[in-house]
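Peer 1: Okay, here's the structure, questions in a sec.
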2 protein chains.
Amino acid sequence: MTPPRIDLSRWRAWARDALQDDFVAACIVAVLLIPQSLAYALLAGLPPQAGLYASLLPLVAYAALGSSPAMGVGPVALLSLMISQALAGAPAGVPASAVALVLAIEVGLMLALAAWWRLDALAALLSVPVLQGFETGAALSIALSQLPVLLGASAGGSSLPQVLQSWWQAATPWWPLTALYGLAALTALWLARRHTARWLQRHMRPEPAKLLERLAPLAVLMLAIGVSAFTGAGARGVELVGALPALHWTLAWPTLDLTLWRQLLPSAAPIALVTFVSSLVVAESLARRDGHRIEPRRELAGLAAANLAAGLSAGMPVAGSFTRSIVNLDAGARTRMAGVFTAALMALAIWLLGKPLALLPTAVLAATILVAVASVFDAAPFREAWRYSRSEGALMAVVAALTVVMGVGWALAVGVAGSIALLLQRTARPHVALIGRVPGTEHYRNVGRHEVQLTPGVVALRIDESLLFTNARQLADVVQQHVAGHPGTRRVVLLMSPVNRIDFSGLTALRALHELLHDRGIRLDLSEVKGPVLDGLNEGGWTAWFDGRLFLSHHQAMLDER
Amino acid sequence: MTPPRIDLSRWRAWARDALQDDFVAACIVAVLLIPQSLAYALLAGLPPQAGLYASLLPLVAYAALGSSPAMGVGPVALLSLMISQALAGAPAGVPASAVALVLAIEVGLMLALAAWWRLDALAALLSVPVLQGFETGAALSIALSQLPVLLGASAGGSSLPQVLQSWWQAATPWWPLTALYGLAALTALWLARRHTARWLQRHMRPEPAKLLERLAPLAVLMLAIGVSAFTGAGARGVELVGALPALHWTLAWPTLDLTLWRQLLPSAAPIALVTFVSSLVVAESLARRDGHRIEPRRELAGLAAANLAAGLSAGMPVAGSFTRSIVNLDAGARTRMAGVFTAALMALAIWLLGKPLALLPTAVLAATILVAVASVFDAAPFREAWRYSRSEGALMAVVAALTVVMGVGWALAVGVAGSIALLLQRTARPHVALIGRVPGTEHYRNVGRHEVQLTPGVVALRIDESLLFTNARQLADVVQQHVAGHPGTRRVVLLMSPVNRIDFSGLTALRALHELLHDRGIRLDLSEVKGPVLDGLNEGGWTAWFDGRLFLSHHQAMLDER
């Protein structure tokens, strides 16, 4: 056999093409990232450079360890909301940016530990109702917290009572000029998103139309900076972003105040969970689009590296952004080099744009945030969940309301506890069906739903649930009721195909049922026991007490006596 | 039709017989209850009359509202251990018996609320590993706490560190004379339980043999009182029970110190849970023996009434005792009047025996407790659980160890959380089988376990779990892997018989899978969807997006294309 020839020139060509695609995608993402990084720092209650710095090294760190090719890591609105709540609870006297660094390091360490201990399964704790309710509630909180900024009224806090209180107490009057900037930017961005795209697509080829549409936010920003510089908005009382410090490449070591580190742990834990789960959702959504697979553990490692990098380079906690990731993929990103290019372009932008950005009114950034979160509001998932299951729909609404009123930590805790309680409640009340033969077939169905034939002297039951501690205590009771309803029963046959697992409590209950029936001269048989379940029973040594029979099919079990 | 004649004389005869049986049973139970009520008060760290009073009105209250005919309510060892731990945490200065009254009232109120809110399902939270580990650990704690009393060394506390500490600090030397009483009583009781019964049964008819066996503990007590009186044990330094106050029938209103009530709430909650679950286990075991049904809600109501009665009549929290209930049933108790008779006999006994009981050495009571809990120690359940499931066996051992080292509250909290975590973990990693046809039949089985035929172009999968939020995120991934392994797939058929429920997260995942396959020109079909699951899907309006087919049997689904 000849060894396969490695055609280096072809590989080089592919690499060149891929890198070219990655670079083009990076340009488009950077255009989106500049306003977003500033806006999300503002939303978190941090100086604007925290957002910019969080868009440099963390992207490179994720590219080194993460697994998703098109994931756009950096500041995201959801985390900014959680950071602002953590800052509100942080001790007075510590600067907000120092707190953000500690948070980022703690989030990074937690994610690293989670990767090491294989805790990626914890993502399973967040059900769709919780995630959906949480996202809607967070979007509402974000919008509420940005309205005052947009209108030039000073207000702080991010949960509803805080915002209402600070609106109430706001001594400063609203600034009509600030509100003018904010509302103008909001209108422009809204039109750009809603109508310009459609208008452009009708009048030019789709590619440049898409590019123009994506340039709109940056264009609005540039325009605002121009107007602000021309009219001297700062001198007229409009709040501006202000001068950014010069880009410094030295790694900053966060404060080593252990009390602060301990105080921030309860805030860092939900941030780490949300970072992981929201990024995983993004990565899965990307993976589904082009069919590649993602590895949750490598995602954890990549996000851990990104947050540690953010903490060591004067940034703020970061996660995968849904918007930027989709834009990245759409723009043709093929490898994680796209992230590295984005970081390089951001560095260039900070160097070139530092001066002009200082003149940007914060109300314009607030407009950017409002337009970004507006797309999250959607009543459809609530309606669908409520229609499918009253309790899950209610949980979704409760989580959304709690996010707004009580803050993110409470909402997540109640949501996870609620999801688990619903799961337990449902396994605790299994559907039990007396089954009979569909005439002329080998199929056995619920007596209450189908026209079926029963076999005299035999009670055949299907318990539609695994035998678990939550329902084990009822097993004997349920079977006893059916036996009592059929005098002269000689055999009970349990159809075990819905029983996916039997835990030790279930085994104990099965044994108790077996004894109970045995004492009354009734034999307990099982049909269609699943392979893994049977393996477990055999390992547990059930042959020592079980004297019934096992059947591969329920039909054979029913024929056994005739 | 003639109306059925009611034969009053026959009914009267039956009632007389039943009441006679109940009275005989009550006599035997009372004989057992006198030493136990004293011993369990001692174990709880309460004056002996608390145990006696808890054996009067609470029995009548349970008889009024409870549902189990033979349940023996009163002081039990497990609760006494928990009460002693609650007393250790109670504020100094409040007398122990006042704390016990507040605890009993709080437990009663909690149980009443649970009955009202239909929280009887909470009993499902305690799995067999937790209950078994907890009982073993509690028995060990009880034994540890009684050893010093048996040997005449003063020691307090009931968790291992407390006992070790108080042994260490014990300034009083051991009293050889006390130890002599204790060890003699222990030996006598041990022999009575182990050998006398067998010896008696060999030499006389079974009925009187059984009676004599049951009289043994009371006989030992009487003997000890006699010896103590004759030798003047109290004057020689042996600790005695001491004079009981005269029986008073006025209801005592417990202290209304709200701070105390609030402080005791965290102790009362686990006591209420254990009261309910341990009594329910007893009631279920009794019900299984003679085939009657119990109603968890009425049990809650009966136990609530019993504890409220205990709190208002100078007693201590009460529950159903396994030993006394079995003895009651064996002795022929037929109705709840047996409990009323027991209470009456206890009142008589207190009246007659008050003086002599004062002379009983506490070491003898400690011997009673040690013999009672010795029967709980059994390694078999641990071995069986470990053999069946490593993780459940480990949980059982951890709960037992925590009960001894950290106390009851911690052990229960960790046990419940551990059971839930194991359940979640297992639903999160469902067994997925590629299935094929068993040749010549209509049965489809796991390719990895059986010799089966596959249909080209069709991937048939069986996911052995309900579609829940814990596993929903993996659904698309798992199916995608199988499809990738079978190029040229035109259809995916999911055999839904193991899917007992689909929650909203599962529905969302199913929809995402459907879209994913649809985009690649693959049709998603479902077979053997259960009635309740299909009802749910239809209510949720899935027909709006689902364009696959549904089949009543998997075989039909596989034939569909040929």
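Peer 1: Based on Cβ point charges of +1 for Lys and Arg and -1 for Asp and Glu, what charge dipole magnitude is obtained for the protein assembly as shown about its Cα centre, in debye rounded to the nearest 20?
Peer 2: Numbers: 84 positive and 68 negative charges, 179 e Å.
With only Lys, Arg, Asp and Glu charged at Cβ, the dipole is about 860 debye.
Peer 1: Shielding of B:127-140 by partners, i.e. mean partner chain Cβ atoms within 10 Å per residue? Intermediate values should be presented prior to the final figure.
Peer 2: Numbers: counts 10, 10, 5, 2, 3, 3, 0, 0, 0, 0, 0, 0, 0, 0.
For this peptide, the per-residue mean of nearby foreign Cβ atoms is 2.
Peer 1: For B:M406, go 7 angstrom from Cα along the Cα-to-Cβ vector, then report the distances to that same point in the other copies in nm, smallest first.
Peer 2: 2.4
Peer 1: Taking 7 Å along the Cα-to-C-beta vector as the label spot, tell me the A:W117-A:L177 distance in nanometres, rounded to one decimal.
Peer 2: 5.5 nm
Peer 1: With 10 Å bins from zero, work out the P(r) of the protein assembly as shown over every alpha carbon pair and list the percent per bin.
Peer 2: Bins of 10 Å from zero give 2, 9, 15, 17, 16, 14, 12, 8, 4, 2, 0, 0 percent of pairs.
Peer 1: Hey, another quick one. Is the C-alpha gyration tensor of region A:47-103 telling us rounded, prolate or oblate? Criteria: a/c under 1.5 is rounded; beyond that, a/b larger than b/c is prolate, otherwise oblate.
Peer 2: Numbers: a/c = 2.62, a/b = 2.17, b/c = 1.21.
Judged from the Cα gyration tensor, region A:47-103 comes out prolate (a/c at least 1.5, a/b above b/c).
Peer 1: How far is helix A:258-290 tilted off the main Cα axis of chain A, in degrees rounded to 10, range 0 to 90?
Peer 2: 80 degrees
Peer 1: Taking Rh as the Kirkwood radius computed over C-alpha pairs, what is the Stokes-Einstein D of region B:223-378 at 20 °C in a medium of viscosity 1.002 mPa s, expressed in µm² per second?
Peer 2: On the way: Rh = 18.7 Å.
In µm²/s, the coefficient is 115.
Peer 1: Rounded, prolate or oblate, given the Cα gyration tensor of region A:1-147, with a/c below 1.5 counting as rounded? Before the final figure, lay out each step's value.
Peer 2: Details: a/c = 2.19, a/b = 1.77, b/c = 1.24.
Prolate.
Peer 1: How many nanometers, to one decimal and shortest first, lie between the label point of A:D257 and those of its other copies, if labels sit 7 Å from Cα toward Cβ?
Peer 2: Going from nearest to farthest copy, the values are 4.1 nm.
Peer 1: Taking every DSSP beta bridge that has both residues in chain B, what percent is antiparallel when rounded to the nearest 5?
Peer 2: Details: 11 of 24 bridges.
Given both bridge residues lie in chain B, the antiparallel proportion sits at roughly 45 percent.
Peer 1: Can you tell which of A:P317, A:A380, A:V238 lies farthest toward the positive end of the dipole of region A:222-381, using +1 and -1 charges on the Cβ of basic and acidic side chains (Lys, Arg; Asp, Glu)?
Peer 2: Going by the charge dipole, the pick is A:P317.
Peer 1: Another question, then. In deg cm²/dmol, rounded to 500, what helix-only [θ] at 222 nm does chain A give when every DSSP H run of at least 4 residues adds -39500 (n - 2.57) and the total is split over its residues? Intermediate values should be presented prior to the final figure.
Peer 2: On the way: 22 runs with 356 residues, N = 562.
Taken over chain A, the calculation gives -21000 deg cm²/dmol.
Peer 1: Hey, another quick one. Which distances, shortest first and in nm, link A:S9 to the matching position in the other copies, using label points set 7 Å out along Cα to C-beta?
Peer 2: Sorted ascending, the copy-to-copy spacings read 12.1 nm.
Peer 1: When the dipole is taken about the Cα centre of region B:1-107, and only Lys, Arg (+1) and Asp, Glu (-1) are charged at their Cβ, what size is it in debye, to the nearest 20?
Peer 2: Working: 4 positive and 5 negative charges, 47 e Å.
My answer is approximately 220 debye.
Peer 1: Restricting the count to DSSP beta bridges whose residues both fall in the protein assembly as shown, what percent are antiparallel, rounded to a multiple of 5?
Peer 2: Details: 22 of 48 bridges.
Taking every DSSP beta bridge within the protein assembly as shown, about 45 percent pair in antiparallel fashion.
Peer 1: Could I ask something else about it? Taking the simple approach of a point 7 Å from Cα along Cα-to-Cβ for both B:L8 and B:V447, what is their distance in nm?
Peer 2: 8.0 nm
Peer 1: Additional query: What number results when the radius of gyration of region B:342-381, computed over Cα atoms, is divided by 2.2 N^0.38 Å? All intermediate terms of the calculation are to be shown ahead of the outcome.
Peer 2: Working: Rg = 15.1 Å, N = 40, 2.2 N^0.38 = 8.9 Å.
Scaled against compact globular proteins, the figure is 1.69.
Peer 1: Mind putting a number on the dipole of chain B about its Cα centre? Charges go on the C-beta only, +1 for Lys and Arg and -1 for Asp and Glu, and I need it in Debye to the nearest 20. Write down the numbers at each step before the final one.
Peer 2: Values: 42 positive and 34 negative charges, 191 e Å.
Dipole of chain B, to the nearest 20 debye: 920 debye.
Peer 1: Okay, moving on. For region A:432-559, what does the alpha-carbon gyration tensor say about shape, rounded, prolate or oblate, given a ≥ b ≥ c as the root eigenvalues, a/c under 1.5 as rounded, and a/b over b/c as prolate?
Peer 2: Numbers: a/c = 1.57, a/b = 1.36, b/c = 1.16.
It comes out prolate by the Cα gyration axes.
Peer 1: Between the DSSP loop rule and a limit of at most 13 other Cβ atoms within 10 Å, which trypsin sites (Lys or Arg not before Pro) in region B:275-348 are left?
Peer 2: Details: sites: B:R288, B:R289, B:R293, B:R297, B:R298, B:R324, B:R334, B:R336; in loops: B:R293, B:R334, B:R336.
The qualifying sites are B:R293.
Peer 1: What FRET efficiency would be calculated for the residue pair B:L19, A:E515, taking the C-beta separation as r and a Förster radius of 25 Å, to the nearest 0.05?
Peer 2: Values: r = 32 Å, r/R0 = 1.28.
Between B:L19 and A:E515 the formula returns 0.20.
Peer 1: Which residues make up the longest stretch of chain A clear of chymotrypsin sites (Phe, Trp or Tyr not before Pro) that lie in a DSSP loop with no more than 11 other Cβ atoms within 10 Å, not counting the sites? Each step should come with its number before you reach the end.
Peer 2: Working: sites that count: A:W117, A:W249, A:F377, A:W545.
Value returned for the longest uninterrupted segment is A:378-544.
Peer 1: If you don't mind, there's one more thing I want to ask. Please arrange A:S321, A:S375 by counting, for each residue, the other beta carbons lying within 10 Å of its beta carbon, fewest first. Could the numbers behind the result be given before it?
Peer 2: Values: A:S321 28, A:S375 11.
Sorted ascending by nearby Cβ count, the order is A:S375, A:S321.
Peer 1: Can you tell me what the convex hull of the Cα atoms of region B:387-478 projects to on average, as an area in nm²? Can you show the working numbers first?
Peer 2: On the way: hull surface 34.3 nm².
Mean projected area of the Cα convex hull: 8.6 nm².
Peer 1: Considering only B:I502, B:H554, B:G488, whose Cα is most displaced toward the positive end of the charge dipole of chain B, charges sitting on Cβ of Lys, Arg (+1) and Asp, Glu (-1)?
Peer 2: B:H554
Peer 1: Still on this structure: Take the Cα gyration tensor of region A:12-421, multiply each eigenvalue by 5, square-root it, and list the three semi-axes largest first, rounded to whole angstrom.
Peer 2: On the way: eigenvalues 161, 146, 109 Å².
Equivalent ellipsoid of region A:12-421: 28, 27, 23 Å, largest first.
Peer 1: With a 10 Å Cβ neighbour count serving as the proxy for reagent exposure, in which order, fewest first, do B:T255, A:T489, A:T543 appear?
Peer 2: A:T543, B:T255, A:T489
A short reminder: the numbers here are calculations on the coordinates, not readings from a lab. On a predicted model such as this, the values are computed, not experimentally measured, just so you know. With ideal geometry, Cβ positions are generated from the backbone for all residues, glycine too; neighbour counts draw on all protein chains shown.
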